[in-house]
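What follows is a set of notes on a single structure, which appears directly below.
The values are calculated or read from the model by the stated rules, or taken from the named source; none is laboratory data. Being a predicted model, the structure only gives us computed values, none of them experimental. Note that we place each Cβ from the backbone using ideal geometry, even for glycine, and neighbour counts take in every protein chain shown. For the accessible areas, the whole protein counts, side chains as well, though only heavy atoms, and no ligand, DNA or RNA atoms are used. Shrake-Rupley method; radii C 1.70, N 1.55, O 1.52, S 1.80 Å.
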Amino acid sequence: MDPKVAAAIAAAEAAGPQSGQTVRVDSWIWSVRLVKTRSMGATACRGGHVRVNGERVKPAHAVRVGDEVRLRHEGRERIVVVTRLIRKRVGAPVAAQCYIDNSPPPPPREAVAPAGIRDRGAGRPTKRDRRELERLRGMPGPGPGGVGFGPGPRGGFSPGSGLGKSRP
């Protein structure tokens, strides 16, 4: 192990809880860099996206060494087992020493298709461009299966509908 990482781990453990103590789950997932801010960790807990040993937990739930923490965040589920308790945010190499990552691998980048990105300065999309973007995003549009505007099933506006010029 790198001496700098070993020194950082020692400093993190000195600042952490004493043996037998616990740490809040929102604080722990923030300190090991699973979420960007502690408030995001608390929000994830309140929204039911954090489970400790299979149970949904509140932000103040106590985490102990050996607990399994499941976090659904940014479209991905992270499954980690706690190996060290820390309270302060540490660098990524030190954070990686605080848990065992059992998460499934992220989807390959090719599988995630870009959702219709247009070039800057390309102007307003045409109707055809807009329909292609909607099709890529999976949004229903006009046509079969979608709700559209325009003429009805007979192909035109009826003369008595008031949608055109009607002569007396």
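Key figures
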{"quantity": "Interchain or long-range residues, amide H under 5 Å from residue 23's placed H", "calculated": "63"}
{"quantity": "Cβ-based net charge around residue 126, under 12 Å, with every Lys or Arg adding one and every Asp or Glu removing one", "calculated": "+4"}
{"quantity": "Heavy-atom accessible area order for 139, 40, largest first, 1.4 Å probe", "calculated": "139, 40"}
{"quantity": "Sites residue 74 and residue 21, calculated FRET efficiency, Cβ-Cβ separation with R0 30 Å, nearest 0.05", "calculated": "0.50"}
{"quantity": "Local net charge near residue 139, Cβ-Cβ under 13 Å (Lys/Arg +1, Asp/Glu -1)", "calculated": "+2"}
